[in-house]
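Structure first, commentary second.
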Amino acid sequence: MAASLLSETEIRHRSMAEEDPNGNEHGAAARSAAPRWGPQHAGARRLARLYSPGKRLQEWVCVVLCLFLFIVNFSFLLFHFSTVHIYKIVPGIILGIVTADFASGMVHWGADTWGSVDIPVIGKAFIRPFREHHIDPTAITRHDFIETNGDNCMIPILPLTHMAYKFLTHTPEALAASYPWECYVFALAVFVTLTNQIHKWSHSYFGLPRWVTLLQDWHLVLPRKHHRIHHVSPHETYYCITTGKT
């Protein structure tokens, strides 16, 4: 049966309860001494140990560089803003958000489906977090800002660098013509960068700011109930984790 066709009771029975880090209070797991998932699961502990100091350094560098480029490019966008192309700018921003959501689903599906943590470089660095997440879904809620967002901050660095280069070297006429495209790229970069933070919020059932829960309720970012369906075994639906709409 497709996860989307399950009742709320069936989803709750077959998925990990977010308020219980080990999720062992439902079904057969309630009668087992060994955790089927959560931070005490042997596989979860093994995957967590693969998070290395080198990986931490890479995340720090990416976060700092990405935030710097966002500030630079946002300043350029404000400086060159004009209402002349507003009818193109607004759809461009919306399309950037939609593209980010679709891309998050493709990456999520690929990392869940293909490869292993034993692949050199990308295995431990990029596939490991996805595999850990299905064994210990609440691990992401215990990650700090750097670990949560470091990899996503790496993705837009090259596009944002290219955008800054164009703002510095192109003529005003060329910049005016390409301004709606730059708005699309900037919106795409923002939501790609925020995707894992939004994903973290979808697993945080306590202590979220009111404005975050409102965005979730309005489905402007990934809602908690929506994403929970992905964590119903066998985890083959609802891969998109930015807004969850594509």
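The table for this structure:
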quantity: Loop-located chymotrypsin sites (Phe, Trp or Tyr not before Pro) in segment 131-224 whose Cβ has at most 14 other Cβ within 10 Å (DSSP); calculated: 205, 206, 218
quantity: Set of segment 79-97 residues, backbone N closer than 16 Å to the point 7 Å along the Cα-Cβ line of residue 176; calculated: 79-89
quantity: Per residue, the convex hull volume that the Cα atoms of segment 42-173 enclose (Å³); calculated: 135 Å³
quantity: Chain lengthening between residue 144 and residue 94 when straightened (0.36 nm per residue, less Cα-Cα); calculated: 15.1 nm
quantity: Additional length obtainable on full extension of the chain from residue 65 to residue 102, 0.36 nm per residue less Cα span; calculated: 10.8 nm
quantity: Overall dimensions of segment 121-246 as given by Cα atoms, namely Rg and Dmax in Å; calculated: 17.3, 54
quantity: Accessible-area value, residue 162, 1.4 Å probe, nucleic acids and ligands omitted, Å²; calculated: 100 Å²
quantity: Fully extended contour minus Cα-Cα distance, from residue 210 to residue 86, at 0.36 nm per residue; calculated: 41.6 nm
quantity: Distant-in-sequence amide H partners of residue 221 (H built 1.01 Å from N, under 5 Å); calculated: 216
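The values are calculated or read from the model by the stated rules, or taken from the named source; none is laboratory data. As the structure is a computational prediction, the values presented were derived from the model and not from experiment. Quick reminder, even Gly has a Cβ in these numbers, built from the backbone with ideal geometry, and neighbours come from all protein chains shown. Areas reflect the complete protein model, heavy atoms only, side chains present, ligands, DNA and RNA absent. Shrake-Rupley method; radii C 1.70, N 1.55, O 1.52, S 1.80 Å.
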